[in-house]
Amino acid sequence: MQSKILRSRIYLITLLFALAILGQLAGCSTAQKATQTAPLSQDAKMNWFREAKFGLFIHWGIYSIPAGEWKGQPVAGIGEWIMNRAKISVAEYEQLASQFNPVKFNAEEWVKLAEDAGMKYIVITSKHHDGFAMYHSKVSKYNIVDATPFKRDPLKELAKACAKHGIRFGFYYSQAQDWHEPNGAGNTWDFGPDDKKDFDQYLRDKAEPQVKELLTGYGPICLIWFDTPRIMTKERAQRFVDIVHTLQPACLIDGRLGIEGDYRSMGDNRIPNTVVEGDWEVPATINRTWGYKKDDHDWKTPEDLTFKLVDIVSKGGNYLLNVGPTAEGIIPQPSHDNLRAVGCWLKVNGESIYGAGTTPFGDEFGVYDTEKKDRRGNPVFNAKTDWRCTTKPGKLFIHLFKWPTGSFELSKVKGRVNKTYLLADPKRKGLNVQQEADRVTVSLPKTAPDKIDSVLVLEMAN
Ligand code: FHN
């Protein structure tokens, strides 16, 4: 009898023990599930973008074949707009696809260029306003795999190379303008005015399903860069937001969808005159065009590109700098050279850029001349370019574009300076520094250690 009671007690204890373990397991998996499905906070979502600061924009499409010239005549304006500027019919423009064979395209080389330039993300045109998909779309045969002799999906190859090199990958997608589609916005020469079109039919049948394809077939997409939100209502834009949030919740949306995005997109090549709060980006050209144009040789110099990068970072933004590859699949040599020069500068001075914050000063940006007005009637801004300041906790990075003789003087400094040195000096040898109240004077060597921008670090006492 006693042994029967003992056996049933052991049975009961074992049962309770097993239930406890099961409960714990269940609790654990619920907790895990909770972390998996918990939406990312906006700060967590923006983290990589705030750290990255410098990205490569690529405008590549079949417009790189005419490269700014149609029937022997130069066409004014940016290269990727040639169909619109020359009012080329869909029937005629479509024929470019059968000639597009960029056999020299090498995803590895493009990604390596971005890496060497110190860029942390790539955004490429998956479909520009001309409506041609630069990837294998099942939604429309008007794409690089089905309509060209090339038959490869370069975006797949780029996604793979980016993953290999630890570069984030994103897509430009023209959601509203589509000059190939009767109901897309923009092509009035073939299809008449936009207000007579069934724009929602175009969104439903092409743009929305293509965005779904891009977010499902290419691995993690860091951001999607919508553009020119013509006739996009808030409701229409929200449908894209829902698609992005459902398929890739961590994917950022730029500021040109037609509804508030995750960050602001400034105007093309428009760098603000002062610090701007919040997350933002300046899309910019390296010459004058976005898509390749054979007669555009107006390359920005490494000096100019470095200044712009520093200037933007000191004001709180990111720099998305564009290249326009040729119809053979080659990024023009001056883009390679000038980007790599910026990359060399970043190798030494990257600490002052990646994840860096805005200047605490502001006078270095320049002054408004209230006497003079620009075309829009606003006072003219006279920019100064001698120096800029970026920051990290406890550190001021003074970017000296013009090397001062003897010493550099800085006023309005909050707190005490502990140590100063040049980022280009591998030994980080302390420089002589004097401080009277908020005025700091740093003695400098005779010659600048960097011919573009020598970075002076001021370490502050806690
Ligand atoms: O019309 C486009 C243009 O072709 C280019 O893509 C730029 C890049 O920011 N966005 C539009 C104009 O702002």
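The values are calculated or read from the model by the stated rules, or taken from the named source; none is laboratory data. Since the structure is predicted, the reported quantities are computational estimates derived from the model, not experimental observations. In this analysis, Cβ positions are derived from the backbone assuming ideal geometry, glycine residues included, and neighbour counts consider all displayed protein chains. Ligands, DNA and RNA are excluded from the accessible area calculation, which covers all protein heavy atoms including side chains. Shrake-Rupley method; radii C 1.70, N 1.55, O 1.52, S 1.80 Å.
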Go through segment 423-461 residue by residue and tally those that are part of a loop (DSSP other than H, G, I, E, B) and touching an Asp or Glu at 6+ places or on another chain (Cβ under 6 Å). 2
Out of everything in segment 46-63 that is outside any loop (DSSP other than H, G, I, E, B) and in contact with a helix residue (DSSP H, G or I) (Cβ under 7 Å, 6 or more places away or on another chain), what residue ends up being nearest to the ligand (Cβ to nearest atom)? TYR63
If a residue has to be more than 16 Å from the ligand (Cβ to nearest atom) and surrounded by 20 or more Cβ atoms within 10 Å (Cβ to Cβ) to count, how many in segment 253-265 make the cut? 0
Just a yes or no: is a residue in segment 322-342 touching a residue at least 40 places away in the same chain (Cβ under 8 Å), assigned to a strand (DSSP E or B) and farther than 16 Å from VAL455 by Cβ? yes
GLU351 vs. criteria open to solvent by 40 Å² or more (accessible area, probe 1.4 Å) and farther than 26 Å from GLU51 by Cβ: no
Which one of ASP190, ASP205 is away from the ligand (no atom under 16 Å from the Cβ), out of contact with any helix residue (DSSP H, G or I) (no Cβ under 9 Å at 6 or more places or on another chain), of a type outside the set (A, V, I, L, M) and part of a helix (DSSP H, G or I)? ASP205
Mind checking whether some residue in segment 293-314 is within 16 Å of PHE54 (Cβ to Cβ), within 16 Å of the ligand (Cβ to nearest atom) and either free of Cβ contacts under 8 Å to residues at least 12 places away in the same chain or within 14 Å of the chain's Cα centre (by Cα) (or both)? yes
Give the residues of segment 40-63 that are of a type in the set (A, V, I, L, M) and crowded, with 16+ Cβ neighbours inside 10 Å, sorted by residue number. MET46, ALA52, LEU56, ILE58, ILE62
A careful count of residues in segment 222-252 that are small (Gly, Ala, Ser) and either open to solvent by 20 Å² or more (accessible area, probe 1.4 Å) or within 14 Å of the ligand (Cβ to nearest atom) (or both) gives 1
So which of PHE150, PHE169 ends up being surrounded by fewer than 19 Cβ atoms within 10 Å (Cβ to Cβ) and away from the ligand (no atom under 16 Å from the Cβ)? PHE150
Looking only at segment 173-183, decide whether some residue is assigned to a loop (DSSP other than H, G, I, E, B), within 16 Å of the ligand (Cβ to nearest atom) and either open to solvent by 20 Å² or more (accessible area, probe 1.4 Å) or under 30 Å from PRO334 (Cα atoms) (or both). yes
Could you list, in sequence order, the residues of segment 369-404 that are assigned to a strand (DSSP E or B) and in contact (Cβ under 8 Å) with a residue 40 or more places away in the chain? PHE381, ALA383, ARG388, CYS389, THR390, LYS392, LYS395, LEU396, PHE397, ILE398, HIS399, LEU400
Just need a number here: residues in segment 411-443 that are within 22 Å of THR306 (Cα to Cα) and in contact with a Ser or Thr (Cβ under 9 Å, 6 or more places away or on another chain). 3
Testing LYS160 on (1) under 17 Å from ILE331 (Cα atoms); (2) more than 16 Å from the ligand (Cβ to nearest atom), one condition comes back false. Which one is that? (1)
